[in-house]
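The structure appears right after this line, and notes come after that.
The values are calculated or read from the model by the stated rules, or taken from the named source; none is laboratory data. Since the structure is predicted, the reported quantities are computational estimates derived from the model, not experimental observations. Don't worry about glycine lacking a Cβ; one is built from the backbone with ideal geometry, like all the others, and counts go over all protein chains shown.
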Amino acid sequence: MHYAIVNGGESRAFPPGDAFAAGAGPLGDAAIVVYPAGVPHVPDIDKTAILVELGTESLGCHTGESLGMEGSNVVGFARYRNGNDAPSSLVELVRQPCTAAAALAAARAVFEAAGLHVAVCADQAGRIVDRLIRPTYNAALRFLDEGLATQEAMDLTCRLGLGYTDGPIERVVRGGLDHHYDVTSALFESTGAPGYAPARRALVAAQRRRAGR
């Protein structure tokens, strides 16, 4: 199925040279139109699917909501990245209660045809991955502050004891503590859940960024 990517914005999903972006065709005859983050989408009921790239926000921020009856051919998506790391092969698709089944199926098919893996979730801020992992990162950073163990000991425990490819602290630091602050503070504002309250070290990193240090 032909797809086009609207120019503009700064997509975390498709950095320069990305294979999915390279496979996009012209806008005119595309059945699927992809809008990178920062580019307002244009509704078009004649398209099979309109794909809107999300940050931490809900798809409803772009489409509006209608008391549980929202949904159309617009599908949200986010390709998971650990901060500044290269994008992973996971794409989270966001559906609303009345999202068209054909639009969701087309979105899944076009990403899977590009060799990406797709997970579908409801329209909640942070989707699946960030809602799962951000409290873990916060807990590990707080344990470090409390002197429970060193960074090396905690990361080694997770790699050897739990089979992780890397430990939580080394992973969140590699992705950027200031980036972790941005994501987890947005989730805390959205949900109010204590586990998303940014850990002290993430707050320090964000303050240093604002100060240009």
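Against the conditions (1) touching a strand residue (DSSP E or B) at 6+ places or on another chain (Cβ under 9 Å); (2) acidic (D, E); (3) more than 26 Å from E70 (Cα to Cα), D44 satisfies every one except (3). Name the single residue, out of those in region 52-82 being in contact with a helix residue (DSSP H, G or I) (Cβ under 6 Å, 6 or more places away or on another chain) and farther than 18 Å from A125 by Cβ, that is modelled with the lowest pLDDT. Per the stated criteria, the residue is N82.
Residues checked against (1) touching a residue at least 24 places away in the same chain (Cβ under 8 Å); (2) touching a strand residue (DSSP E or B) at 6+ places or on another chain (Cβ under 9 Å); (3) surrounded by 14 or more Cβ atoms within 10 Å (Cβ to Cβ); (4) closer than 26 Å to L59 by Cβ:
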| residue | (1), (2), (3), (4) |
| --- | --- |
| Q151 | no, no, yes, no |
| D155 | no, no, yes, no |
| D178 | yes, no, yes, yes |
| V183 | yes, no, yes, yes |
| A186 | yes, no, yes, yes |
| S190 | yes, no, yes, yes |
| G195 | yes, no, yes, yes |
| R200 | yes, no, no, no |
| R209 | yes, no, yes, no |
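For residues that are of a type in the set (A, V, I, L, M) and on the phi < 0 side of the Ramachandran plot, scanning just region 54-70, find the one that is nearest to the chain's Cα centre (by Cα). The selected residue is L54. When region 71-109 is limited to residues that are more than 18 Å from the chain's Cα centre (by Cα) and in contact (Cβ under 8 Å) with a residue 60 or more places away in the chain, the one that is farthest from A19 (Cα to Cα) turns out to be A106.
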